[in-house]
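Laboratory data are not the source of any read-out in this text; all were calculated from the coordinates shown. In this text, all values refer to a predicted model and were calculated from it rather than measured experimentally. Positions of Cβ are backbone-derived with ideal geometry, glycine not excepted, and every protein chain shown enters the neighbour counts.
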Amino acid sequence: MRRRFVSKQKMGYSFGLILFIFFLIYPLLVNAETSYVVYFFYTTFIYIALAQGWNLVAGYAGQVSLGQHAFFGIGCYVTAITWRAGWTGYFDPLGMLMSGMGAALVAIVIGFPLLAKLRGDYFALGTLGLGEILRVVALRGGRFTEGAEGIGLPSSAYLSMSYYYYMALLVVVITLVSLWLIVRSNIGLALVAIREDETAAAANGINTLKYKILAFAVGAFVTGLCGSLDAYYSFHVHTGGAFNLNWVVIPMLMAILGGAGTFWGPILGAFILAAVFEVTNVWMPVLHPIFSAAFIVLVTLFLPDGLMSYITGHKHRILRKLSPFKWMLQKT
C-alpha cells in the first residue's frame, strides 16, 4: 500500500515538472502579445496562488477565511502608492515584497483578536468584515488613495505580456514550494491537528493561536503578491477592482472543486474552473453569471470533498464544514 502511495507521489511530481517546463517555454513558441492562451495561463496562475493561499488557512488549518480580498486590495494599493511616490518602480521586487509584507502585517494584527476569540462561521464573517472596512477606508482616503476614482499608474511603462506571464509563474512557484515545505514540516502537522480537533491539539501542547496566525499571515502574503501583480497589469487601482469579492469566491471555489487540504487539488480546480468560466464568457456571455452561480451550487452539492478525493480515494472531511448544504450530504 505504501509503495503504491509513493509511486503515485513520484508520478505527481514528475507530471508537475513536465508541466512547469511546458509553461516555461510556451511563451517562446507563440506571440505572447496576441496569444489568448498566454493570457489564460497568466490569470490561471494568479488564481492558483490565491487558491493555495486560501487553502493553507482553510484547507490545512481549518480556519475558513472570507477576507482574502482585503489582502489582495492591500497588495494593490501598496504597490500603487509606493510607485506613485517614487519609492518603487515598474515590476519592482521591492514594491511586490512590500505589498506582500503589508498584507501579512495586517493579517497578524487582525489575526490576534479574530483567531483568539472567533471560530467557524464567526471568524469567516469577521474576515469578510475586514475587507469591507478596508474598502470604505480606501474610498475615504482622500489624495492618499484617490477615493472612488482610484490611483492611475503610468501605462507607458508597459513592456510585454511575457513579463506578466513569467512573474505570475514565479509567484506560483514560490507559493507551491512554500506550501510544500510547510505541509511536510512540523508546522503542517500542527495545522492538520488544529483542523481535525483544535481542543485536542491544544491539550497536547500545540500553541494553536501561533500556528493559526502563521497560516493566516502566509496566505495573506501570497495574496498580497497577487494584488501587486494585478496593479502592474491594470495600471489603475480602485476599490471596485482591488476589493472585489471575486478574489475570495473564485479561488475558494477552485480549492473546493479540486480538494481543499490537498496540494494538487487547488491547482486542478483552478485550471478546470478558469477554463469553464472562459468558455462560458466567450460563448454564452449573457448566461455567464447564471451558469457560474449554478456551477458553484452543483460543486458544493455533489463534490463536497473535491476531485482529488476521487482520484486518490481519500475523503477530506474538512470540506463538509465549508458546505452550506452540509445537512444534505450523506457521510461516507
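Where the only charges are on Cβ atoms (+1 Lys, Arg; -1 Asp, Glu), what is the dipole of the stretch 143-207 about its Cα centre, to the nearest 20 debye?
Values: 3 positive and 5 negative charges, 45 e Å.
I would put it at about 220 debye.
Helix-only estimate, please: 222 nm mean residue ellipticity of the chain, summing -39500 (n - 2.57) across DSSP H runs of length 4 or more and dividing by its residues, to the nearest 500.
On the way: 15 runs with 238 residues, N = 332.
Helix-only estimate at 222 nm: -23500 deg cm²/dmol.
If you take the charge dipole of the chain about its Cα centre, with +1 on Lys and Arg Cβ and -1 on Asp and Glu Cβ, which of Tyr26, Leu257, Asn281 is farthest toward its positive end?
Value: Leu257.
Along the Cα-to-Cβ line of Ser155, 7 Å from the Cα, sits a label point; which residues in the stretch 215-233 have backbone N less than 15 Å from it?
231-233
Considering amide H positions built from the backbone, and no H for Pro or chain starts, which residues 5 or more places from His236, or on another chain, come under 5 Å of its amide H?
Leu153
Work from the charge dipole of the stretch 42-245 (Cβ charges, +1 for Lys and Arg, -1 for Asp and Glu, about the Cα centre) and give the residue of Leu214, Leu56, Gly86 farthest towards its positive end.
The residue sitting most towards the positive pole is Leu214.
In whole Hz, what ³J(HN,Hα) sequence does the stretch 195-204 give by Karplus (6.51, -1.76, 1.60; θ = phi - 60°), x for Gly and Pro?
4, 6, 7, 5, 5, 5, 5, 5, 5, 9
Select from Leu181, Leu28, Leu56 the residue whose mean-square fluctuation is largest in a Gaussian network model of the chain (Cα-Cα springs shorter than 10 Å).
Most flexible of the set in this elastic network: Leu28.
Rounded to the nearest 20 Debye, what is the dipole magnitude of the stretch 99-186 about its Cα centre when Lys and Arg each give +1 and Asp and Glu each give -1 at the C-beta?
Details: 6 positive and 4 negative charges, 49 e Å.
Its charge dipole is roughly 240 debye.
Please state the relative contact order of the chain as a whole percent: Cα pairs under 8 Å, 6+ residues apart? Intermediate values should be presented prior to the final figure.
On the way: 476 pairs, mean separation 93.8, N = 332.
Computed over the chain, the figure is 28 percent.
Could you sort 129-136, 99-106, 147-154 so that the peptide with the highest average Cβ count within 10 Å comes first and the rest follow in order? Write out the running numbers ahead of the final one.
Values: 129-136: 17.6, 99-106: 23.4, 147-154: 15.4.
Ranking the peptides 129-136, 99-106, 147-154 by packing returns 99-106, 129-136, 147-154.
Using mean Cβ contacts within 10 Å as the protection proxy, how do 259-267, 66-74 order, highest first? Before the final figure, lay out each step's value.
Details: 259-267: 26.9, 66-74: 29.7.
Ranking, from highest mean packing down: 66-74, 259-267.
May I ask you to list the residues of the stretch 225-244 whose amide nitrogen lies under 17 Å from a point 7 Å from Cα along the Cα→beta-carbon direction of Leu97?
Hits in the stretch 225-244 for Leu97 at 17 Å: 225-226, 228-229.
Among Tyr163, Gly95, Ala200, whose Cα sits farthest toward the positive end of the charge dipole of the stretch 42-245 (+1 at Cβ of Lys/Arg, -1 at Cβ of Asp/Glu, about the Cα centre)?
Selected residue: Ala200.
Suppose the chain between Asn204 and Tyr122 were pulled fully straight at 0.36 nm per residue; how much longer would it get relative to their current alpha carbon spacing? Display every interim value, and only then the final one.
Values: separation 82, 0.36 × 82 = 29.52 nm, distance 2.52 nm.
Roughly 27.0 nm would be gained on extension.
So how strong a dipole does the chain carry about its Cα centre when Lys and Arg Cβ are +1 and Asp and Glu Cβ are -1, to the nearest 20 debye?
Working: 21 positive and 12 negative charges, 254 e Å.
My answer is approximately 1220 debye.
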